Every structure is written in structure tokens, then in C-alpha cells.
1. Considering only helices (runs of 4 or more DSSP H) fully contained in region 10-110, which possess at least 2 residues that are open to solvent by 90 Å² or more (accessible area, probe 1.4 Å) and basic (Lys, Arg)?
2. Which members of region 150-170 meet the condition of being part of a loop (DSSP other than H, G, I, E, B) and in contact (Cβ under 8 Å) with a residue 24 or more places away in the chain?
3. Select from region 222-244 the residues that are of a type in the set (Gly, Ala, Ser) and within 21 Å of Trp211 (Cβ to Cβ) and list them in ascending order.
4. If you go through region 171-190 one residue at a time, do you hit one that is farther than 26 Å from Ala144 by Cβ and either open to solvent by 10 Å² or more (accessible area, probe 1.4 Å) or in a helix (DSSP H, G or I) (or both)?
5. Kindly list, by first and then second residue, each pair from a residue in region 110-138 that is under 12 Å from Leu187 (Cα atoms) and touching a residue at least 24 places away in the same chain (Cβ under 8 Å) to a residue that is surrounded by fewer than 19 Cβ atoms within 10 Å (Cβ to Cβ) and among the charged types (D, E, K, R), limited to pairs with Cβ atoms under 6 Å and residues at least 6 apart or on different chains.
6. Scan region 117-146 residue by residue and report those that are part of a strand (DSSP E or B), touching an Asp or Glu at 6+ places or on another chain (Cβ under 9 Å) and open to solvent by less than 30 Å² (accessible area, probe 1.4 Å).
7. Which condition does Val271 not pass, out of (1) open to solvent by less than 70 Å² (accessible area, probe 1.4 Å); (2) farther than 21 Å from Ala86 by Cα, if it passes all the others?
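The values are calculated or read from the model by the stated rules, or taken from the named source; none is laboratory data. Every value quoted in this text rests on a predicted model; they were computed, and no experiment measured them. Here the Cβ positions follow ideal geometry from the backbone for every residue, glycine too, while neighbour counts run over all protein chains shown. When the accessible area is computed, the model is the full protein with side chains, heavy atoms only, and any ligands, DNA or RNA have been set aside. Shrake-Rupley method; radii C 1.70, N 1.55, O 1.52, S 1.80 Å.
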Amino acid sequence: MQNLNANNITQAVLDSLASTSDPRLKEIMSSLVRHLHDFAREVNLTEAEWFKGIEFLTACGHMTDDKRQEFILLSDVLGLSMLTVALNNDKPAGCTEATVFGPFHVESAPEYALGDNIANGAKGVPCHVSGTVRGLSGEPVAGAVLDVWQSDDEGLYDVQHPGIDHAQARGVLRADATGRFHFRSILAVPYQVPHDGPVGQMLEATGRHPWRPAHLHFMIQAPGYETLITHVFRDRSAYLDSDVVFGVRESLVCDWTEQPDGSYAMAFDFVLNPLPSAPKGAGAA
């Protein structure tokens, strides 16, 4: 019979993992146990405090559904999402930097032809978006698939609007044979991440704001290249220096230029990282 106490229980839990057949799972679980136990000892965690933590995580689960992912939001505001991005996207100099995925991507967004308006009724100042997709050696990535999404002028994504039954301010396009793309949408504005749930309560309790700077999401895919998940941020936007999810990278900030008619234009060139086995110039089919 084990006589467990605060000093030896950690080793007992680690010993219970000894038969884990997957070595990576064993490494992760063992490290997680050590860090969790050390954390509890460091702060002298009380039973009441740990129960509050369990209630918080339970509330995150209850808040999560097919349109809202509170756990992704929690990971984002704790900087864990951006840390994993930084750890796993060490690209060669010249490649476009990656940033957080966020909780509002939707699979199977509608497909549009180049030049189309993906706003599809979303409120906002018109904005023309253009650019190129190239590989690290400068080769055009023909047919690269661009999955694009953004919030509207109210700072809300389509999935946050009750009653909207169609995609707005999101879509999928393909670059042309020279790697160029262009489409119409709306001007990005700063917005607040959802803060009406447990993550919002945590932000308030820790004296943090819920704001993100203005940005446009991109996920770009092409055979022979690493998938790029990134944002393009609007220059001079509020909260560039205090993004609640820590996702801003200086290289991703660019000019969004006001046009004589009051609309805006944004141009950005993306550079993808070739996969190790990909020959130079390998583009999308």
C-alpha cells in the first residue's frame, strides 16, 4: 500500500504512466504531470481554488459549440496558441510569417472567382484586396488556394450574427497562373474577442482588454508548399501593440490606403515555404 503525500505523489503518477506504448504520448503526459504538480506546490493551491478552476474549464466546455470554440479562445488569450505557432513555424528568411488560426474559420466556405466581392452583404467600407503568392525562390505559385475570412464593421464574424444563414466576409479563391489574386471585401476594423463567457471573465479579473487590431485572415495552400496560416494587419490600427491574443508580427502589418471614392485598397505579397522534397517552381495543379 502506497503512503502518498505532497512530496511523493508526483512520482507515483509518473510510475503509472510507465506502460504507455506511445513514446511521444508518454513524454507529453509525464511532463504535463510534473509541471502541473509543481505549479500546485509553487502557489500552494487550495482545494477551493482548484474547484474554481474545474468550474472554469467546465464553463468553457458548455460555451463551446459548432460556432464558438471557447478553448481555442482560452489558448489564444493565454499566448499558448501563438507560442505553438512560433515553435512550429520557424521558416527561412523571406517567407511570410505565420500567426494564430483563431476560432472563427469555417470549413467549406463558398468559392469565388478572382475579382468577386466576398463581403456578400457584410457591413463595412468597401476594400479591394490584391497581391501575389510566390515560393521562396520567387516562382509564382499558380492556382494557390486562398481561404479568406474577416469580421464586419461591427467587429463580428458571420457566425456570431444570429439569423444569418449564409457566409459573409469569407470565401475561397484561387490565384491565377502568375500567382496573382484580387478580390473585393470590406475594410478590417479592430474588434473584441467574445468576452461574454468564462474567458471574458478571466480577462476582466486580470485587468486585460479583449481587443484585437484590424486584420484579414488568410490560409494559403498549394501542393509542394507548407500551408500558411496568417493575418494581414491594418497599419495604424489600435491595439497593434496590445493584441489580446499576441498575434501581431511586424512583417504582417501593411498599408491599407484610402481611395478618392472613400473605399480602401490593400496589397500584400505572400511567400510560401517549399516542402523539402518539392522541386523549385512546383505550383498548384
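1. 23-43
2. Gln150, Ser151, Asp152, Asp153, Glu154, Gly155, Leu156, Tyr157, His166, Ala167, Gln168, Ala169
3. Across region 222-244, the qualifying residues are Ser237, Ala238, Ser242.
4. Among the residues of region 171-190, at least one is farther than 26 Å from Ala144 by Cβ and either open to solvent by 10 Å² or more (accessible area, probe 1.4 Å) or in a helix (DSSP H, G or I) (or both), which makes the answer yes.
5. Final answer for the pair search is Lys123/Asp153; Gly124/Asp153; His128/Arg184.
6. Gly131, Thr132, Val133
7. (2)
To keep it simple, each residue is scored yes or no on (1) modelled with pLDDT under 95; (2) in contact with a Phe, Trp or Tyr (Cβ under 9 Å, 6 or more places away or on another chain).
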| site | (1), (2) |
| --- | --- |
| Ile72 | yes, yes |
| Ala98 | no, no |
| Ser108 | yes, no |
| Ala144 | no, yes |
